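One structure follows; several queries about it will come next.
The values are calculated or read from the model by the stated rules, or taken from the named source; none is laboratory data. Everything numeric in this text was worked out from a predicted model, so none of it was measured. No Cβ is skipped: glycine too gets one built from the backbone with ideal geometry, and neighbour counts run over all protein chains shown. Accessible surface is based on the protein model in full, side chains and every heavy atom, while ligands, DNA and RNA are left aside. Shrake-Rupley method; radii C 1.70, N 1.55, O 1.52, S 1.80 Å.
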Amino acid sequence: MCWGLRNRLSHIIKEDGHTVMLAVDHGYFLGPTTGLEVPGKTIEPLLPHADSLMLTRGVLRTSVDPVAPIPIVLRVSGGNSIIGKELSDEDITVSFEDAIRLNVSAVALSIYIGSEYEHRTIVNLSRLVDEGEKYGIPVLAVTAVGREMARDAKYLGLCCRIAAEMGAHFVKTYYCEDFEKVVESCPVPLVIAGGKKIPEKDALKLAFDVVNHGAVGVDMGRNIFQSENPVAMIRAVRAIVHEKASVDDAYELYKGFKRE
Ligand code: 5RP
């Protein structure tokens with residue numbers, strides 16, 4: 001891994017080997033989803049507590065202050081929508097030149113293993129890795145987005161391993177039973193999506209489980225920006241990921257931060 005690529009990856013996965021990525025890229029296929037109706041309003045108060053921000057170039061350019069000291073993970077795939085025929089019908093929608101122009105710390109695309117367009121998305125990953133290696137920008141492979149997938153260790157293990165084999169520098173997936181098997185068979189770091197909104201304490205338990213079963217952290221969206229108090233929630237997630245807080249302690253912190 002060249003110096004530049006390692007340097008950029010270190011902007012995201014911190015010195016303690018962990019990360020709290022804030023994911024706000026949902027609009028690329030969901031539109032103004034709950035909590036992201038006005039992206040800038042949602043993002044701004046959360047920035048000081050996120051290790052990096054995962055989003056599209058459209059939201060980055062319109063809704064994030066360019067002087068904000070936040071490493072960017074740029075979503076560079078798209079071309080689908082939640083009302084379209086086939087969610088896996090995605091392609092690369094951002095030039096690597098534009099990603100470089102935006103001074104991003106990483107680029108991200110989804111691969112849809114087992115879906116109709118799995119071949120195209122896997123080959124897109126490989127091509128993106130070629131560009132990433134050329135310019136020293138890490139590639140995050142997002143796996144298992146899609147309604148019909150059984151998110152068990154066998155399937156997630158397959159997705160994460162294929163992503164790593166294609167050269168992804170880190171992989172985003174979901175938590176599952178026997179998650180440690182997914183970690184063991186994937187030779188690059190894993191970050192875990194939060195998935196659909198669940199009660200805050202359950203989301204904190206999820207964050208605790210992922211980091212205590214081998215993931216380097218979370219790339220959480222809805223369980224933060226759809227929380228009753230997003231700032232309190234991301235601060236509590238940080239306590240778990242970076243300060244080894246217990247679930248109970250983090251939940252107490254969440255309730256305390258809410259009262260501030
Ligand atoms: C959506 C994504 C999101 O970045 C990912 O799912 C994380 O967000 P959440 O925690 O809300 O699941 O890739 O396509």
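Each residue of the range 188-200 in turn: what ³J(HN,Hα) in whole Hz from Karplus with 6.51, -1.76, 1.60 and θ = phi - 60°, glycine and Pro shown as x?
Couplings: 10, x, 10, 10, 10, 6, x, x, 4, 4, 10, x, 3 Hz.
If the only charges are +1 at each Lys and Arg Cβ and -1 at each Asp and Glu Cβ, what is the size of the charge dipole of the range 94-233 around the Cα centre, to the nearest 20 debye?
Approximately 220 debye in magnitude.
Return the unpartnered cysteines for the chain, using a Cβ-Cβ cut-off of under 4.7 Å.
2, 159, 176
Once every DSSP H run of n ≥ 4 in the chain is given -39500 (n - 2.57) and the sum is divided by its residues, what mean residue ellipticity at 222 nm do you get, rounded to the nearest 500 deg cm²/dmol?
The helix-only estimate for the chain comes to -12500 deg cm²/dmol at 222 nm.
Find which of 231, 87, 106 sits farthest along the positive direction of the dipole of the chain, computed with +1 on the beta-carbon of Lys and Arg, -1 on that of Asp and Glu, about the Cα centre.
My answer, from the dipole projection, is 231.
Can you give me the distance in nm between label points at residue 89 and residue 127, each placed 7 Å from the Cα along the Cα-to-Cβ direction?
1.8
How would you order 51-64, 85-98, 23-36 from highest to lowest mean count of nearby Cβ atoms within 10 Å?
Sorting 51-64, 85-98, 23-36 by mean packing, highest first, produces 51-64, 23-36, 85-98.
In addition: For the range 141-260, what's the radius of gyration and Dmax over Cα atoms, in angstrom?
14.5, 47
Here's another thing I want to ask about it. Applying the Karplus parametrisation 6.51 cos²θ - 1.76 cosθ + 1.60 with θ = phi - 60° to the phi angles of the range 85-93, what ³J(HN,Hα) value in whole Hz is obtained for each residue in order, glycine and proline being reported as x?
5, 9, 4, 7, 7, 10, 9, 6, 10
For residue 113, what residues show an amide H to amide H distance below 5 Å, using hydrogens built from the backbone and excluding near sequence neighbours?
Sorted by chain and number, the residues that satisfy this are 144.
Can you give the relative contact order of the range 66-211 as a percent, counting alpha carbon pairs under 8 Å and 6+ residues apart?
In percent, rounded to a whole number, it is 17.
Also, I was wondering about something else. So for each of 227-236, 240-249 I average, over its residues, the number of other beta carbons within 10 Å; can you give me the resulting order with the highest mean first?
Packing order, densest peptide first, comes out as 227-236, 240-249.
Also, I was wondering about something else. How large, in percent, is the carbon and sulfur part of the accessible surface of the range 33-127 at a probe radius of 1.4 Å?
Looking at the range 33-127 in its full context, I get 54 percent from C and S.
Treating the beta-carbon of each Lys and Arg as +1 and of each Asp and Glu as -1, no other charges, what is the dipole magnitude of the chain about its Cα centre, to the nearest 20 debye?
In total the dipole reaches around 360 debye.
Tell me, what is the per residue accessible area of the range 8-121 in Å², probe radius 1.4 Å? Mind showing how you got there, number by number?
Numbers: 5050 Å² over 114 residues.
On a per-residue basis, 44 Å².
Something else: Using a cut-off of 28 Å between alpha-carbon atoms, which lysines can reach residue 255, once sequence neighbours fewer than 8 places away in the same chain are excluded?
Partners found: 14, 41, 196, 197, 201, 205, 244.
Can you give the Rg/Rh ratio of the chain, where Rg is from the C-alpha atoms and Rh is the Kirkwood radius?
Details: Rg = 16.9 Å, Rh = 18.1 Å.
Across the chain, the Cα-based Rg/Rh ratio is 0.93.
With θ set to phi - 60°, apply the Karplus curve 6.51 cos²θ - 1.76 cosθ + 1.60 along the range 75-81 and write out the HN-Hα couplings as whole Hz, x wherever there is a Gly or Pro.
Working through the residues one at a time gives 5, 10, 10, x, x, 10, 8 Hz.
What size of dipole, in debye to the nearest 20, comes out for the range 50-95 about its Cα centre when the only charges are +1 on Lys and Arg C-beta atoms and -1 on Asp and Glu C-beta atoms?
Once rounded to the nearest 20, the dipole reads 140 debye.
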